[in-house]
Amino acid sequence: MASKKEKPDKERMGLVAERIWRGAELRIMEDVVRRIKKAGEITSTADYQINRLIEMGRSREEVERIIKESLDATWSEMFEMYDKVAEWEYVRNQEVYEQITDEFIAPEDNEWLIQLTEAIRKQTQDTMVNLSQSCGFSVMMGGRRVFTPFAEYYQKYVDTAIQDVVTGATDYNSAVRKVVTQMTNSGLRVVDYASGHTNRADVAARRAVLTGVNQITAQISEHNAEKLGTDQFEVSWHPCARPDHQTWQGKVFSKEELRTVCGYGSVTGLCGANCRHSFDPFIPGISERLYPDDWLEEQNKREAQTKEWNGKQLNAYEQTQQQRKMETAMRAQRQKIRLLEEAGADKDDIMLEKAKYQGQLNEYKQFSKKMGLVEQRERIYQDGLGRIAPVKTTYKFQNKAETSQMYRPIQRSQESIDVKIKEDFEVKTRKVLSYSGDVYISDNATIKPRALHQINKNTEEAIKQWGIPSDRKPKIVIVSPDEMPTAYGKYDAIQNTVFYIPQIADKKIVENQGDIEYHEMWHMKQAENFRSQKGKITKENHREYIQSACKDAKKVIDKAGISKYNVNKVSEYAERMYRLGRYDEVEAEYMTTYRRKRHGN
């Protein structure tokens with residue numbers, strides 16, 4: 001019976017096409033790397049020039065062969081899936097047919113159905129063939145993105161890399177890193193339209209498949225409705241639909257309303273590009289709605305609820321889009337690692353890229369858990385590259401100097417958030433995923449893992465010494481000296497955030513390591529005292545907090561016997577702050593000096 005047939009997985013069809021095209025993309029990029037690697041062994045510039053002409057011809061043939069093999073692999077699988085979709089969509093209304101009419105022609109005997117399937121097969125295959133003829137790479141030239149055919153890309157960029165290696169202008173590893181980064185950041189691309197709109201080849205493959213499936217299901221539904229004598233259709237429903245589709249999914253419409261309300265027939269509407277909705281004949285008095293209005297309203301309210309991620313509020317649809325974005329970034333990173341391995345690049349470079357990938361995986365896991373989404377790692381691993389992430393505790397480097405710099409590899413999040421240093425000045429930062437607390441690094445700051453480890457450790461030790469609970473640890477933000485030119489550190493009581501520049505971990509700059517962190521955490525101690533009495537520190541009561549801190553600090557200063565006549569026994573900075581009435585700074589400096597004496601410095 002038709003009702004026992006298993007519904008075809010349309011989404012899987014698109015993923016299969018994507019996987020095949022990604023395989024083609026990787027094989028082409030591996031070919032580029034192989035040629036650079038080979039060129040690295042050439043010692044004569046003249047020999048290189050001759051070989052380049054020969055290799056160029058082979059390169060074009062190789063790319064054409066890879067694309068042809070990919071098309072054959074894609075469509076041999078896709079044709080079988082099309083047949084399954086067509087048959088399932090056609091026979092699902094068999095029982096209704098038998099109730100309304102007595103006519104039901106088996107799929108294999110229905111000439112109309114056979115012709116429809118063949119026509120759409122041909123249409124979508126031709127689209128893919130045309131797209132494949134324009135395959136190229138996108139690269140940045142003069143600050144704008146330019147799409148070049150593969151041969152041209154090879155000539156302009158790989159050629160330059162080879163010449164640099166042969167002539168000694170750069171080392172092999174640097175040349176490989178540059179080209180691999182260019183390729184994985186851009187990906188194999190296609191130019192779809194005269195307007196210049198572009199899509200990756202794998203996205204174009206998935207779109208072509210889903211477009212074909214949508215056309216089959218839509219035309220079968222219209223045909224069945226005509227045979228059943230109804231002008232009504234029920235549109236399907238699925239979770240996390242795009243906002244403009246959510247308004248009409250799951251409801252019943254006339255044929256005209258499918259076009260005017262749902263956008264049927266347009267690229268962005270029902271059954272358009274990347275749309276997963278379908279519609280089925282609905283016969284009033286016989287058919288029952290699958291999605292009642294009250295149920296739809298409840299689902300819409302639930303999906304409208306937002307959850308916070310890196311300072312942004314995301315609804316259900318935005319959460320799934322962010323998850324797809326993360327998966328795409330990880331697939332690109334996996335490609336990059338594999339290409340560096342194929343090229344025999346420096347092992348430490350490869351290990352750092354693997355550490356970055358591990359950070360992406362960790363962020364993906366954290367995001368999915370916080371959003372309540374099921375991880376779809378099959379989307380990441382379908383490239384067939386196997387295990388990429390490093391095994392824990394296997395970071396090995398060539399000498400002790402490198403080992404001392406590593407500590408815990410810095411793994412930054414993909415998403416950036418804005419953090420205020422001053423009221424009128426924000427910096428873009430990314431969270432460090434390899435630390436349990438809130439540790440962020442400005443996009444403009446550079447810091448070695450060892451230095452970050454030391455700053456984080458010193459901050460934790462300082463709050464412990466001042467009796468601050470560990471769960472009150474402030475957010476740590478590492479910024480560049482250009483972003484905070486007047487101080488080594490700064491505690492913001494309103495945000496409970498401490499800002500440091502990376503240079504405080506350098507003994508040549510801060511002789512007594514930990515002093516800056518100790519100083520800033522004393523300010524946090526002052527803030528905690530105020531919070532225990534007055535509550536949260538806000539923009540409105542910040543002045544009151546400063547006055548209160550100064551008042552309490554002066555008591556400590558007087559008790560310690562520090563006056564305006566001997567304050568310079570602490571430091572010139574403390575004397576200047578004393579004259580300005582900033583007793584909280586004097587007290588913090590005094591506490592830092594006390595720490596030095598306590599530790600015998």
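The values are calculated or read from the model by the stated rules, or taken from the named source; none is laboratory data. Since this is a predicted model, take the numbers as computed values, not measurements. A quick note on method: Cβ atoms are made from the backbone with ideal geometry, for glycine too, and the neighbour counts reach across all protein chains shown.
Data for the structure
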read-out	value
Close pairs from region 425-437: first over 16 Å from Phe367 (Cβ atoms) and touching a residue at least 12 places away in the same chain (Cβ under 8 Å), partner buried (at least 16 other Cβ atoms within 10 Å of the Cβ) and among the basic types (Lys, Arg), Cβ under 7 Å, at least 6 apart	Gly437/Lys473
Count - residues of region 414-440 that are of a type in the set (Phe, Trp, Tyr) and touching a helix residue (DSSP H, G or I) at 6+ places or on another chain (Cβ under 7 Å)	1
Pair list, Cβ under 9 Å, 6 or more apart: region 504-524 residue assigned to a loop (DSSP other than H, G, I, E, B), other residue of a type in the set (Lys, Arg)	Asn512/Arg595; Asn512/Arg596; Gln513/Lys507; Gly514/Lys457; Gly514/Arg595
Total residues in region 148-163, condition more than 22 Å from Arg65 (Cβ to Cβ) and surrounded by fewer than 18 Cβ atoms within 10 Å (Cβ to Cβ)	3
Filtered residue count, region 450-493, keeping only those that are part of a helix (DSSP H, G or I) and without any contact (Cβ under 8 Å) to a residue 12 or more places away in the chain	4
Counted residues, region 428-443 - those being modelled with pLDDT of 85 or more, farther than 13 Å from Tyr500 by Cβ and more than 18 Å from the chain's Cα centre (by Cα)	1
